[in-house]
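Here is the structure we will look at.
Where a number appears in this text, it was derived from the coordinates with a stated rule and is not lab data. Just so you know, these numbers come straight off a predicted model, no measurement behind them. Positions of Cβ are generated from backbone atoms using ideal geometry, with glycine treated the same way; all protein chains shown enter the neighbour counts.
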Amino acid sequence: MQDARKALGNGEDAAAATAQEKALEALRKGRQQMQDAMKGDGKHQSPSFLPAFGGSSSESNTGQSGQSNAGDGGNTPTDDADDTDDQDQQQGKRDPLGRKLGEGSDHAPDDSTHVPESVARQRAREIEQELRRRDSDRTRPQQELDYLDRLLKPF
């Protein structure tokens, strides 16, 4: 996409379209590989299917993508993995995005998740209902109505 942006900046519409199509094709290929990895077909045991910042992994290794990884400070997805991470990847302890299993949001409550008790939820409902009741009373001063509208906006 950076190549497309540069080409557009130079007024090279055809080159920009070609570069954009290459980027979209790399995204399609990555999506397909991720789907294959999530199905557990055994082809991809590590997140190596994720392209480096310059395109597909084969392009970034050969420099054919038109982007150099030399100026990124070595912050490619594979450069910052230590030996432990490599062992975890080989043992299948990583998800398709390369995160250690158990990291990220799995929508399950943990120690840091606070779910209000029913009393607190009921109190919040009562407050919201009172705010709505007051907001529906259009005889109130305009300043108060504006304030109530701001309070109710997230709901």
Net charge of Cβ neighbours under 15 Å - reference R140; Lys, Arg +1; Asp, Glu -1:
-1
Would you tally the net charge around A15, using a Cβ to Cβ cut-off of less than 10 Å, leaving A15 out, and scoring K and R as +1, D and E as -1?
-2
What is the local net charge at E126, summed over the other residues whose Cβ is closer than 14 Å to its Cβ (Lys, Arg +1; Asp, Glu -1)?
+4
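Order these by the 10 Å Cβ neighbour count, fewest first: T113, T18.
Working: T113 8, T18 14.
The order, fewest Cβ neighbours first, is T113, T18.
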